[in-house]
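The structure appears right after this line, and notes come after that.
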């Protein structure tokens, strides 16, 4: 996206938004209500047309392409709208099957197999014959996600996937997005207000505020940022630049500053955001996420530009993530060994499982083989790193981390 500006009449929504979503990574877009995050998603798929700027997908600028080209480009997308956007007169099954019937020539038995797999994936087995009006908002949201995934899209846009869901279902949906990224290396953009999702799911985070993109880059950069608007949003505190209306009145800001100085609470969480919570990992048996090495290489390139406290927090988070990945790898190997022993005992003539046959065989057993990742294909443009006068310049040592092997020699 380059120089995007969008307005409705005289009301400017956002202006000059420029960023690149790294291919194959999970990104999140934050911002107060009413800052145009949903409008941004609709602009990315050509439902809304910007006054200025470009949206370039796979080399095609969708703001200038023909309707036929746009129709083809949209096949790359899976979109989960904020309200589900289901057809009210169709059953959940037919809603989820709709993209397959529209864009493929699959037979009905093939469609049924795919649809039922996605229905089971989002926990709606048994509800496929119900109409959208007969189920809860959370169930409609999960049906919308199943429809978004039914074509195994390369790009997945999720507009507040947690709205209408309880915390447990939110955790399952978040884990599902990470697993999908591991399986098909999909590029995912999540619009959310859920700070727990923002801290644990994406590789990259952006924030819209007062009609502009405040920041976009690796999650570690935003989570350790000292920008007042970022810190206030993450903590959920009423004291700061964000008000009930987008532009906080000066008198209100002064009164709140006085209350804060007097020790009165602004109602926000007091969590220590200098500690970066480890990112959610794919479930055991899933492939290693290819995005991990690309993301790590980019963070290491910019690490010396960040303040010392941010550098230390990032180093600690990397060490913890390496430990968790090593544990997951060991668990997967143990599962394979147990499965092989059980089958051998059951009479396979003593034949050993191969890594391809064994339970969990999709898991990359060479993920930590020490192969070096070059990072040559990782996009690095449009990453905004705050400059710090006191940024450390010494070389950064990260211990024995060995990036995952992606199977193509990198």
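Readers should treat all values here as calculations from the given coordinates under stated rules, not as data from a laboratory. Model, not experiment: these values are computed from the prediction. Counting neighbours? That spans all protein chains shown, and the Cβs are built from the backbone with ideal geometry, glycine included.
Calculate, in nm to one decimal, what residue 117 and residue 331 gain on full extension: separation in residues at 0.36 nm each, minus their alpha carbon distance.
On the way: separation 214, 0.36 × 214 = 77.04 nm, distance 2.62 nm.
Here the segment from residue 117 to residue 331 would lengthen by 74.4 nm.
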*residue 227-residue 301 pseudo-label distance in nm [points 7 Å out on the Cα-to-Cβ vector]*: 2.0
*Quick one: if you stick a label point 7 Å off each Cα along the C-beta vector at residue 76 and residue 166, how many nm between them?*
3.9
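Rounded, prolate or oblate: which one fits region 73-159, using the alpha carbon gyration tensor with axes a ≥ b ≥ c (rounded when a/c is under 1.5, else prolate when a/b beats b/c, else oblate)? Walk me through the intermediate numbers first.
Values: a/c = 1.66, a/b = 1.15, b/c = 1.44.
Oblate shape, in that a/c is at least 1.5 and b/c is the bigger or equal ratio.
What is region 2-223 by shape, rounded, prolate or oblate, if you read a ≥ b ≥ c off the alpha carbon gyration tensor as root eigenvalues and call it rounded for a/c under 1.5, prolate for a/b larger than b/c, and oblate otherwise?
Values: a/c = 1.71, a/b = 1.37, b/c = 1.24.
Prolate.
I need 75, 141, 68 ordered by Cβ neighbour count within 10 Å, fewest first. Before the final figure, lay out each step's value.
Values: 75 14, 141 26, 68 8.
Placing the least packed residue first, the sequence is 68, 75, 141.
Suppose R0 equals 22 Å. What FRET efficiency, 1/(1 + (r/R0)^6) with r the Cβ-Cβ distance, do residue 10 and residue 85 give to the nearest 0.05? Intermediate results must be reported in sequence, preceding the final value.
Values: r = 28 Å, r/R0 = 1.28.
Taking R0 as 22 Å, the efficiency between residue 10 and residue 85 is 0.20.
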*Classify region 297-338: rounded, prolate or oblate, from the alpha-carbon gyration tensor (a ≥ b ≥ c, eigenvalue square roots; a/c under 1.5 rounded; otherwise prolate if a/b is larger than b/c)?*
prolate
*For the residue pair residue 196 and residue 52, what label-to-label distance in nm results when each label sits 7 Å from Cα along the Cα-to-beta-carbon direction?*
4.1
*Residue order, fewest to most surrounding Cβ atoms within 10 angstrom, among 331, 295*: 331, 295
